[in-house]
Each structure stands twice: as C-alpha cells, then as structure tokens.
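The next block holds one structure in the form of structure tokens; read it before the comments.
The values are calculated or read from the model by the stated rules, or taken from the named source; none is laboratory data. Bear in mind that the values here come from a model prediction, so they are computed numbers and not experimental data. Don't worry about glycine lacking a Cβ; one is built from the backbone with ideal geometry, like all the others, and counts go over all protein chains shown.
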Amino acid sequence: MYHLIMLSLLLFAVTPSNVYAYLDPGSGSMIVSVIIAMVTILIYVTKSFIYGKMKSLGKKSDMPDIKREYNVVVYSEGGQYWNVFHPILRELDSRGIQTMFFTSRNDDPGLAQEFTHVEKKFIGEGHNAFFVLNKLKAKMILMTTPGLGVLQIKRSKGVKHYSHITHATGTCFSYKAFSLDYFDSVLVGGTADRDLIAELEEKRRSQKKQVEMIGSTYLDELRIKLKNSGYTYNMFGEKKTTVLVSPTWGSHGLLSKYGQKLLKTLSDCGKFNIIVRPHPQSFISEKNLMDELMKNFPETESLKWDREKDGLNSMFHSDIMISDFSGIIFDYLFLFERPVLTFKSQFEKRGREAMDLKDDSYDIKLLDRIGKTLAESDISEIVSLINSSISEKQALSAVVKEAEDALARHPGEAGKRAADFIQSVIKTI
Amino acid sequence: MNILYMIFCYPIELLMEFLAGHFNSLIGSQGFSLILTSFSINIIMIPVFWYAEKLQQRERNIQAEMKPKIDEYKGVFKGYELHLYISNIHKQYNYHPIYAFRSLLGLFIQLPFFVATYHFLSHYSAIKGVPFLFISDLGSPDMLLPLFGAGVNVLPFVMTAINLVSSFVYGKMLSKMERINIYVIAVLFLVLLYTSPAGLLLYWTCNNIFSFFKSVVFVKLLQNQKKTAPAL
C-alpha cells in the first residue's frame with residue numbers, strides 16, 4: 001500500500017499542474033477526498049503519536065514484578081471500591097486461591113487487610129497503573145474499571161481472562177459507551193444488567209461475554225456493616241421527618257441543575273431535618289459548586305453535610321431520599337425500603353451505553369415505582385410530595401422483592417458466587 | 001520521471017493517436033475523429049471508472065455510518081478521551097483512517113489517462129489550422145464571440161456548463177462540503193482552460209458529456225445498491 005501511495009504521489013509530481021483541470025467532477029471530487037483524507041490521517045497519526053508517548057511516561061517506582069505470571073489479579077482504583085472486592089478476596093483467601101490485589105491508592109483499606117493467600121500491592125495511579133496493567137501476565141484479572149480496550153487500559157496479551165464486576169446496584173445504563181465490550185465476562189447483580197448487556201451485544205454484533213449474576217458484593221458488605229452498626233438517631237437534636245439529598249455528580253446531576261433552588265425550598269419550610277450528601281467526586285470535579293452551596297446552606301441544627309465514606313448513617317437517619325440517577329438510590333431501597341424522589345429527566349445519554357439501548361433500562365423505569373419522578377417545576381410542591389411519598393411507603397415491599405431479582409439477587413452470597421465463578425474460570429485456563 | 005511516463009502514459013497516448021488517426025482516415029474530419037476518440041476512450045474506461053467509483057462510494061458509506069456516533073462523541077468528549085472513543089468507533093467498523101487512501105487507488109488508475117490525453121492533445125499537430133463546423137482552427141482558442149474588438153472563447157463556457165450539470169447530478173451522492181468542492185473545481189476549470197486550443201476543449205467537452213451520462217447511470221446503480229443492502 002505504501003509503495004502504491006508513493007507511486008501515485010510521484011505521478012502527481014510529474015503531471016503538468018493544469019492537467020487536474022481536465023478531470024471530470026467525479027475525479028475532481030476524488031482528489032478533494034484524497035486531500036481531506038491525507039489531512040485527517042496526518043492529524044490522527046500525530047495525535048496517536050503524542051498520546052502514545054504519554055502512555056510511556058509512567059514512573060517505575062512502586063512497580064510490581066511485571067515478568068511474573070500471576071494467578072488471579074484483582075485491580076481496584078481505590079478505597080471506594082473496597083466494599084466491592086472485600087467479600088471476594090475474603091472468599092478467595094479462604095479457598096486458598098493465590099491472588100494479587102493491586103490498588104491505585106496507597107490509602108486503600110485493602111492494603112491493611114491480613115490475608116494468607118492474597119498479596120497486596122500499591123501500583124500507582126493513572127499512567128503508572130496503566131503501564132502495569134497493560135504489561136500484566138495473569139490467568140485472570142477482575143476489575144470495576146470500565147472501558148477496557150477503549151480507554152487507557154488495553155487488553156494485555158499475557159492475561160487470559162478479563163472480568164468486570166459492577167460497582168453499583170443500578171444497571172450499566174449510565175456507563176460510558178463501550179464500557180464492557182472487550183471483557184470476557186461481567187459479574188452483575190441480576191437480570192437487568194444481563195439483559196442490557198445482551199441487547200448491546202446484539203446491536204453491536206460484538207463478542208458474547210459470560211454474564212454471571214452474583215448479586216451485589218458491596219451491598220452485602222453494607223448489610224453486614226448496618227447489622228453491626230448500632231446506629232441511633234443522633235445527627236440532629238430534634239427528631240423530624242429527615243430528608244436525605246444524595247445525588248450523583250457532574251453537570252447533569254441534581255445539585256448542578258437544581259441544587260440552589262431545592263435546598264432553599266427544603267430549608268425555608270422549616271419542617272424537615274436535611275442531610276446533604278453529595279457524591280465524593282463532586283468535591284473534586286465541581287468544587288466551586290460545592291463551595292457555593294456549602295456557603296449558602298451552612299450546617300445548622302436542621303441541616304448537615306455528610307462527607308463520610310459510606311452513606312449508611314445518613315440513610316439510617318432519613319425517611320426519604322431525593323436523588324437523580326445515582327446508584328445510592330438502590331442501596332437505599334434494598335437496605336431500608338424507603339421512598340426516593342428522583343429528578344431523572346436531565347440524564348445525558350450521549351456518550352453512554354444508554355444511547356444504544358432501545359428503551360430506558362430497568363432501574364430507570366423502577367424510579368417511577370419507588371417514589372415520584374420530578375421535574376424542576378415540582379420543587380415548589382416538594383413538601384407535599386415528600387409527605388405523600390412517605391405515607392405510601394408500605395407499598396414498596398413488593399417492588400423491592402421484584403427489584404432484588406433484577407438488580408441485586410442472592411443477598412449475602414455475592415462474594416461466594418463471585419469466587420465460584422473465578423475458580424471455574426481459572427480451572428479452564 | 002520519464003520512465004514512469006513511458007510505462008503508464010505513453011501506451012495510452014499511442015492508443016489515442018492510433019484511434020484519432022484511423023477515425024480521421026475513415027471519416028475525413030479531424031473534429032469528428034476527436035469526438036469519436038473521446039467516446040472510444042471513455043467506453044474503454046467504463047470498468048475503471050466504475051471500480052474507482054465503487055471504492056470511493058465504499059469509503060463514503062462507511063464514513064456516513066460512523067458519522068452519527070462520531071458527532072455524538074464530539075458533543076460530550078474532549079481531547080484524549082474523544083480520540084480514544086473515535087478510535088474505538090473505527091475499531092467497531094474495522095476501519096482505519098489510512099483506508100481513505102483506497103480512493104487514491106481509483107485515481108492512480110485514472111491518472112495515466114488524464115496525463116496521456118493532455119500530452120497528446122497539446123502536441124497533436126494534425127489539428128493545427130484545421131477548421132471544424134463553426135470553429136475556424138482546432139489548434140487555437142475558438143474566439144467565437146467577437147466582443148470589444150477581441151474574441152471571447154465560447155467552448156470553455158460550454159464545457160463548464162456541462163461540468164456544472166454533471167456535478168449537480170453526481171453531487172447527489174456527496175456531502176455538502178464535497179458538493180461545494182466540485183462546483184468550485186468546475187469553475188476553476190473554466191479559468192484554467194479558457195485559453196486552451198479548441199480541439200482540446202472539444203475533446204474534453206465530449207468527455208464531460210459522456211461523464212454526465214456515466215454519472216446519471218452510476219448514481220442510479222449505486223443508489224439501488226444502497227437500497228438493497230442490508231441495514232447494519
């Protein structure tokens with residue numbers, strides 16, 4: 001091909017300049033297409049070169065032995081996923097399966113955990129971690145990081161099996177596009193994600209993945225924590241109907257869209273205790289918004305900002321949650337069976353898996369049944385909406401039972417089922 | 001450079017000379033022999049044109065299929081992330097930007113014909129001083145319209161008019177940007193060829209008439225193929 005291109009360019013060079021004028025429109029357009037293509041390719045190749053260089057900038061410190069052939073590798077982006085991996089590592093350790101736990105945060109609680117058959121290693125963040133993962137040799141790797149083969153983490157030839165585990169109780173509807181396409185298997189909560197993945201595979205004609213419905217490991221962890229917590233209602237001096245505002249982060253999140261208006265309406269009415277629990281990422285990605293909201297709505301006797309690692313205590317205190325499409329909605333539903341008011345209309349589908357699905361996913365449809373779905377115009381009526389939703393909460397039990405099958409089946413068994421699956425995979429390698 | 005010309009263009013030039021000479025000896029008219037040569041070369045070129053057109057169409061089709069997703073990602077992603085997502089779209093469609101060069105193959109096949117035609121008609125002494133119909137000398141600019149004491153060449157305008165009609169028909173298969181480009185090229189031809197010999201313009205005007213019919217047929221055929229192709 002290269003020689004052909006060079007030959008053609010030579011022919012261009014030997015041709016008298018005005019011979020191009022003798023071309024008919026079809027050929028003229030061909031020349032234009034070629035020029036456009038050449039410019040496009042040049043830009044593309046330049047970008048690939050620059051970004052390719054960026055990939056190799058990783059530091060060699062904290063580097064694990066990348067020549068070693070690992071058995072099972074579990075990779076965590078940081079402590080926020082410890083609840084996802086802990087039940088699995090515990091189970092693998094108890095079965096004597098040699099496992100390497102890599103984490104991108106040196107404050108990951110997993111590093112302090114004592115295991116017999118699980119080694120632990122901090123491998124650095126960003127490019128450092130990508131460098132290690134892209135060179136890895138292992139029978140199998142399990143991770144919550146989506147976008148394998150699309151974003152920075154590429155499939156390593158030395159890894160036989162890539163497995164993804166979902167890290168929220170909702171579906172992969174809101175994942176970025178092609179998040180799961182290049183994994184060999186996905187460990188999901190229930191039928192909703194199984195069906196969603198099958199629909200995407202059908203539409204994209206992509207390779208079929210093994211989908212194992214294990215339930216939710218981190219929800220199991222929260223169940224244990226809740227059982228052992230001994231929480232009492234002590235966040236506020238006076239016990240009143242308590243509203244937990246707990247949205248996702250980003251420009252389409254509730255706090256970005258309507259935070260000011262919603263918090264003003266809630267606090268002005270004086271009828272509620274309010275807990276605001278922004279997504280941890282909000283304090284990083286939308287710091288200005290957080291600073292402004294915390295300045296306008298400082299902590300009082302009836303308003304608290306919750307920045308704890310898990311939201312269990314806040315969920316325990318509240319009678320109702322106001323959210324958008326954050327995964328915490330379903331944690332709240334399954335752990336406490338309490339109603340949720342959601343603002344979901346602002347959900348940005350572009351660039352996400354949702355865009356390639358025929359319909360809204362199970363969890364998005366479920367929002368209509370676990371409380372009311374609201375628009376901005378409903379904020380002025382929020383007080384009556386909260387009261388009516390709380391009074392109807394007994395109807396939630398049946399919905400929760402059905403939703404459990406779709407989103408988080410096998411309560412208490414997810415870690416064991418994940419380990420069963422891992423064991424079955426490595427046996428065949 | 002000369003070796004390339006001898007390998008790729010000279011045989012075609014010899015063929016044109018052979019055809020033009022024989023047609024002239026058969027019908028005794030340099031003008032009509034140029035027209036017949038133009039049509040004969042075009043008929044020989046049909047499979048080549050068709051192949052080149054199909055290559056270009058394949059490129060256009062795949063670009064059109066990828067466009068909605070690429071536009072979607074451009075709306076939400078930036079920088080490196082956007083680059084990665086666009087690369088993945090290419091991967092999904094088994095495409096690489098380098099494949100755009102496939103359309104260059106069509107041009108590579110056609111280019112020797114263009115060069116040979118230009119070279120042949122620039123040096124074809126048989127048409128010098130030869131009148132044809134209303135043209136007084138096929139070897140000089142036509143100057144058919146006497147204005148302001150000098151002659152205005154009409155054949156370049158006729159050729160451009162045919163080029164524009166042909167571009168309009170052909171342009172139905174193209175993007176807006178490509179359509180603008182071919183109209184600009186058609187107008188550019190007018191400027192560049194304005195002072196060319198009438199014989200050359202006669203040849204190429206006939207070539208473009210043929211090209212017009214070819215475009216009509218190709219557009220129909222490719223549109224029918226597109227309609228019957230299974231949707232992805």
Item to complete: Mind counting the residues in segment B:60-77 that are surrounded by 15 or more Cβ atoms within 10 Å (Cβ to Cβ) and within 7 Å of chain A (Cβ to nearest Cβ)?
Response: 4
Practice prompt. Identify all residues within segment B:1-31 that are farther than 19 Å from B:Ser125 by Cα and either of a type in the set (Ser, Thr, Tyr) or at pLDDT 90 or above (or both); write none if there are none.
Written response: B:Tyr5
Fill in: Residue check for A:Asp420: over 17 Å from A:Phe334 (Cα atoms), touching a helix residue (DSSP H, G or I) at 6+ places or on another chain (Cβ under 9 Å) and surrounded by fewer than 17 Cβ atoms within 10 Å (Cβ to Cβ)
yes
Discussion item. Can you tell me which residue is nearest to A:Ser424 (Cα to Cα) among those in segment A:200-222 that are surrounded by fewer than 16 Cβ atoms within 10 Å (Cβ to Cβ) and of a type in the set (D, E, K, R)?
Written reply: A:Lys208
Practice prompt. Please tell me if A:Asp331 is in contact (Cβ under 8 Å) with a residue 24 or more places away in the chain and outside any helix (DSSP H, G or I).
Written response: no
Discussion item. Restricting to segment B:1-51, count the residues that are within 12 Å of another protein chain (Cβ to nearest Cβ) and closer than 21 Å to B:Asp142 by Cβ.
Written reply: 1
Item to complete: Please note which strands (runs of 3 or more DSSP E) are completely contained in segment A:74-189 and include at least 2 residues that are modelled with pLDDT of 95 or more, over 30 Å from B:Tyr73 (Cβ atoms) and of a type outside the set (Lys, Arg).
Response: A:99-103, A:118-122, A:138-143
Worksheet item: Any idea which residue in segment B:78-96 is surrounded by the most Cβ atoms within 10 Å (Cβ to Cβ), counting only those that are over 34 Å from the mean Cα position of the chain (by Cα) and outside any loop (DSSP other than H, G, I, E, B)?
Response: B:Tyr85
Worksheet item: What do you reckon, is B:Ser25 over 17 Å from A:Thr40 (Cβ atoms), small (Gly, Ala, Ser) and in contact with a Phe, Trp or Tyr (Cβ under 9 Å, 6 or more places away or on another chain)?
Response: no
Practice prompt. Inspect all residues belonging to segment A:155-167 and state whether any of them is buried (at least 22 other Cβ atoms within 10 Å of the Cβ), within 14 Å of chain B (Cβ to nearest Cβ) and under 30 Å from A:Leu366 (Cβ atoms).
Written response: no
